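In what follows, a single structure is set out as structure tokens and then discussed.
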Amino acid sequence: MTAKIEIRDLSKHFGDLKAVDGISFAVEQGEVLGFLGPNGAGKSTTMKMVTGFLPPTAGAISVCGHDMLADPLPAKRLIGYLPEGAPAYPDMTPAEFLDFVAGARGFRGAARQACVDQAVDRVNLDEVLHQRIETLSKGFKRRVGLAQAILHDPPVLILDEPTDGLDPNQKHEVRELIRGMAAGKVIILSTHILEEVAAVCTRAIIIDRGHVVLDETPAALAARGRLDDVFREVTSRDTRAGASA
Amino acid sequence: MSTAPLATGFLSVTGVLFRRELKSYFATPVAFVFTFIFLFLAGIFTFYLGGFFERGQADLQPFFAYHPYLYLFLIPAIAMRLWSEERKSGTIELLLTLPVSMSAAVLGKFLAAWCFTAIVLACTFPIWITVNVLGSPDNGVIVASYLGSLLMAGTFLAIGACVSALTKNQVIAFVVSVVVCFLFIVAGLPVVLGFFEGWVSQDVLDIIAMSSFLTHYEALVRGVVDVRNVLYFLSLMAFWLVAGAVAIDTKKAA
């Protein structure tokens, strides 16, 4: 089975606000999809729906052939998710927290310990393994969040702003980690750092006001000119259209 | 491709959540402070207000009589954090995107909180020993009373968990839970029944009286382990837990 995510006509309305308005795309194994867009464009809302946290107002989500809406648990098993801000239980240590996540994902005994050890190793958490999460720096907290997302070696990885708030070295490490895992997985990450797209992604989608306004490879995107200008052009064009509608 | 998970049964996953929650009480001073205050207040109520020694009877009536009022403030204090903390810190997003069903999440959290109150309640065992040293009480009645107290605590918790699911704000969760629990207590008091008497039918009056915690709790404390009293608490618990699950589902996005 190859990993694949398919999203069709996905919408989420909060009252009158159309946070996501008819988004469709498919991501194949080996692709690293960068999700770009201004704040409030619907990036996080889309990710929350794909991971099964929010029920969409309309549309369909398929994760490696499993329907997220009709039968969420098998689909959730295949996903590793880093929510925005990398939330974790502050009174636990990374060791306890990762052990909990491994347990909730159904690992027991030696397998449970093995997957925790492996994740700890991949994100270099050894030195803070037995410190309470609330005492950790932002960089380490983010790594704890990454560790819980990858510990079951999921075919689908969804990362909401994985490098937000990290220093340049840490950003580099996380990008290396993502690149290293990309071959066997579907990876979707959101960012508003434009150079991140060129650094790790094989494909970029820009969304604005709940719509996909651009879907290209980073190379094609670069051919259009400076990334900042392209971004401003496509997002403001839609803003104007939205204002006149 | 991911390793096939070994155990994903409902009970197994509920157990994992249960252990995490229960541990979290002891990871902070919450468990210690709560146990200390509960025992301290229970002592004051039993010996001063209840006149444990003055009554000269070898039973625990004065001890159990005040539990509804102790729970009224202490249980919402435990329950208020159950879901509102998860929502506020964003960990609810993590929890509910794990392959964990809503019922396992609700049950795991609730059972951990209930187990914690059972541990606190068990810490009152010295008074049981005391009354056995001083006289020869009916230990069957005492067991029934402990059962009643535990069932009532669980019902308070289920109410508090549901209210906690409705708000991110723990203070609001606390106050609203206290009020709802208060209504369930006072429904059986003569002053409330007197208020309704005369302008509602006897059937309605019976329903109001029957819905009170006190009516059912006092029966258990007298040693009457009637299945109906036990079922009353269990069905209320189930109702509030289901309502809580619905509340989480509808409010988690906000």
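Stretching the chain fully between B:Leu11 and B:Phe125 yields a gain of 38.0 nm (0.36 nm per residue, less the alpha carbon separation).
Counting pairs of Cα atoms in segment B:10-251, how many percent are more than 26 Å apart? Here the tail beyond 26 Å accounts for 42 percent of pairs. Over chain A, accessible surface divided per residue gives 40 Å², non-protein components excluded, 1.4 Å probe.
Here the Gaussian network model covers chain A, with springs between Cα atoms less than 10 Å apart; of A:Pro162, A:Pro72, A:Pro83, A:Pro72 fluctuates the most.
Of B:Glu54, A:Glu31, A:Glu196, the order by accessible heavy-atom surface (1.4 Å probe, DNA, RNA and ligands excluded), from most exposed downward, is B:Glu54, A:Glu31, A:Glu196. Here r is the Cβ-Cβ distance between A:Asn124 and A:Ala60 and R0 is 35 Å; the resulting FRET efficiency, rounded to 0.05, is 0.35.
Of the whole protein surface, A:Phe140 contributes about 40 Å² of accessible area at a 1.4 Å probe radius. Buried accessible surface for the A/B chain pair comes to about 3200 Å², total over both chains, computed with a 1.4 Å probe.
Across every pair of non-identical alpha carbons in chain A, the mean reciprocal distance, once inverted, gives a Kirkwood radius of 18.5 Å. Interface burial in segment A:94-115, defined as at least 40 Å² less accessible area with all protein chains than with the chain alone at a 1.4 Å probe, covers A:Phe100, A:Ala104, A:Arg105, A:Gly106, A:Phe107, A:Arg108.
Relative to the dominant Cα principal axis of chain B, helix B:67-79 is inclined by about 10°.
Per-residue surface analysis assigns B:Leu111 an accessible area of about 60 Å², computed on protein heavy atoms at 1.4 Å probe radius. What percent antiparallel are the DSSP beta bridges of the protein assembly as shown, to the nearest 5? Counting DSSP beta bridges with both partners in the protein assembly as shown, the antiparallel share is about 55 percent.
The solvent-accessible area of B:Phe36, taken with every protein chain present and a 1.4 Å probe, is close to 120 Å². For segment B:151-180 and segment A:77-133, what is the centre-to-centre distance using only Cα atoms, to the nearest Å? Centre-to-centre distance over Cα atoms comes out at 30 Å. For segment B:29-39, 3J(HN,Hα) computed residue by residue from phi via the Karplus equation (6.51, -1.76, 1.60; θ = phi - 60°) reads x, 3, 4, 5, 4, 5, 4, 4, 5, 4, 5 Hz, glycine and proline entered as x.
Taking the accessible area of segment A:123-245, probe 1.4 Å, and keeping the other protein chains in place, the carbon and sulfur fraction comes to 50%. In order along segment A:59-75, the Karplus-derived 3J(HN,Hα) couplings, from 6.51 cos²θ - 1.76 cosθ + 1.60 at θ = phi - 60°, round to x, 9, 10, 10, 10, 6, x, 8, 7, 5, 7, 7, 9, x, 4, x, 5 Hz, and Gly and Pro are given as x. Seen from every direction in turn and averaged, the convex hull around the alpha carbons of the protein assembly as shown projects onto 28.6 nm². Karplus-derived 3J(HN,Hα) values for segment A:198-204, using 6.51 cos²θ - 1.76 cosθ + 1.60 with θ = phi - 60°, are 5, 6, 10, 8, 9, 7, 10 Hz; glycine and proline are entered as x. Angle of helix B:139-166 to the longest C-alpha principal axis of chain B, folded into 0 to 90 degrees and rounded to 10: 40°. The long axis of helix A:138-150 is offset from the longest Cα principal axis of chain A by roughly 90 degrees. For A:Ala183 and A:Phe14, the FRET efficiency from 1/(1 + (r/R0)^6), where r spans their Cβ atoms and R0 equals 35 Å, is about 0.40. Backbone amide hydrogens, once placed in the peptide plane, bring A:Glu31 within less than 5 Å of A:Ile187, excluding anything fewer than 5 places away on its chain.
With a Förster radius of 41 Å applied to the C-beta separation of B:Phe239 and B:Phe32, the computed FRET efficiency comes to 0.80. Accessible area per residue for segment B:10-251, computed on protein heavy atoms with a 1.4 Å probe, is 44 Å². Dividing the mean sequence gap of close Cα pairs (under 8 Å, 6+ apart) by how many residues chain B holds gives a relative contact order of 25 percent.
Scaled to the globular estimate 2.2 N^0.38 Å, the Cα spread of segment B:96-164, given as radius of gyration, is 1.50. Cβ under 12 Å from B:Thr46's Cβ, B:Thr46 left aside: what net charge do those residues give with Lys, Arg +1 and Asp, Glu -1? So the environment of B:Thr46 carries a net charge of -1. Over chain A, what is the percentage of antiparallel beta bridges among all DSSP beta bridges, to the nearest 5? The answer is about 55 percent antiparallel.
Legend: residues B:Leu189, A:Leu129, sorted from most to least accessible area (1.4 Å probe; ligands, DNA and RNA excluded), read B:Leu189, A:Leu129.
The values are calculated or read from the model by the stated rules, or taken from the named source; none is laboratory data. All values reported here derive from a predicted model rather than from experimental measurement. Neighbour counts are summed over all protein chains in view; Cβ atoms, including those assigned to glycine, are modelled from backbone coordinates with ideal geometry. In case anyone asks, the SASA skips ligands and DNA or RNA and just uses the protein heavy atoms, side chains included. Shrake-Rupley method; radii C 1.70, N 1.55, O 1.52, S 1.80 Å.
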